[in-house]
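Down below is the structure, laid out as structure tokens.
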Amino acid sequence: MPKIELSRVSGDFGFEAKDENGHIVKMDSNPQGGGLDFGVRPMQMLLMGLGGCSAIDVISILKKQRQEVRDYKMVINGDREAGKEPSLWSAVDIEFHIYGDIDPDKAQKAVDLSVTKYCSVAATLEKAGAAIKYKVFVHP
């Protein structure tokens, strides 16, 4: 079972989370909530996790299809439920920007497979009620 250790290291709400391999992520509350802008907000980290999870899937699938990915970027925007506690992600919009000599149909298929089948973070967000929409852009 993966192990995460969390320690307060900056002000009231500045934390560092460390995994069993020593990788560290900084988190904080927003300044309006008493944070010092020390790190990423935990809810934004979920969107970052979605990006990382899906990127690993997409690039792995494209490599298996012998597509040359020269560069890769994603833009992820999310809306949260207003006036609720907890305030969950209700909608997530993703732009996949894939650079290289890539067949657009293969890129679309790789993204479809990631978002709808392989990415555990996408599945977790969807089970929590988030609607995930995405577009794929292939750049030569």
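The values are calculated or read from the model by the stated rules, or taken from the named source; none is laboratory data. Values in this document were obtained by computation on a predicted structure and should not be read as measured data. All Cβ positions, glycine included, derive from the backbone under ideal geometry; neighbour counts span all protein chains shown. Note: accessible area is taken over every heavy atom of the protein model, side chains too, but ligands, DNA and RNA are not part of it. Shrake-Rupley method; radii C 1.70, N 1.55, O 1.52, S 1.80 Å.
Simple rule: put +1 on each Lys or Arg Cβ and -1 on each Asp or Glu Cβ in the chain, find the dipole, and look at N77, Y99, F15; the Cα lying farthest toward the positive end is Y99. Which loop-located GluC sites (Glu not before Pro) does the range 78-138 contain, where loop means any DSSP state but H, G, I, E or B and the Cβ has at most 15 other Cβ atoms within 10 Å? Filter output for the range 78-138: E81.
The peptide list 57-69, 13-25, put in order of mean Cβ contacts within 10 Å with the highest first, becomes 57-69, 13-25. Rounded to the nearest 20 debye, the dipole magnitude of the range 61-109 is 300 debye, with +1 charges on Lys and Arg beta carbons, -1 on Asp and Glu beta carbons, and the Cα centre as origin. A straight chain from S7 to D93 at 0.36 nm per residue would run longer than the Cα-Cα distance by 27.8 nm.
On a full-extension model of 0.36 nm per residue, what is the gain between E20 and N77, subtracting their alpha-carbon distance, rounded to one decimal in nm?
Details: separation 57, 0.36 × 57 = 20.52 nm, distance 2.97 nm.
Additional length available on full extension: 17.5 nm.
Among L36, L47, L113, the largest mean-square fluctuation in a Gaussian network model of the chain (Cα springs under 10 Å) belongs to L36. Averaged over its residues, the chain has an accessible area of 64 Å² per residue, based on protein heavy atoms and a 1.4 Å probe.
Using the Cα atoms as the points, what is the convex hull volume per residue of the range 40-92 in Å³?
Working: hull volume 4.3 nm³, N = 53.
Value for the range 40-92: 81 Å³ per residue.
Once the Kirkwood radius over Cα pairs is known for the chain, the Stokes-Einstein relation at 4 °C and 1.567 mPa s delivers a diffusion coefficient of 78 µm²/s. Based on the alpha-carbon gyration tensor of the range 86-140 and its eigenvalue square roots a ≥ b ≥ c, which shape applies: rounded if a/c is under 1.5, prolate if not and a/b is larger than b/c, or oblate? Verdict is prolate for the range 86-140.
Working note: 222 nm ellipticity from helices only, DSSP H runs with n ≥ 4, each -39,500 (n - 2.57), summed and divided by the residues of the chain, gives -9500 deg cm²/dmol to the nearest 500.
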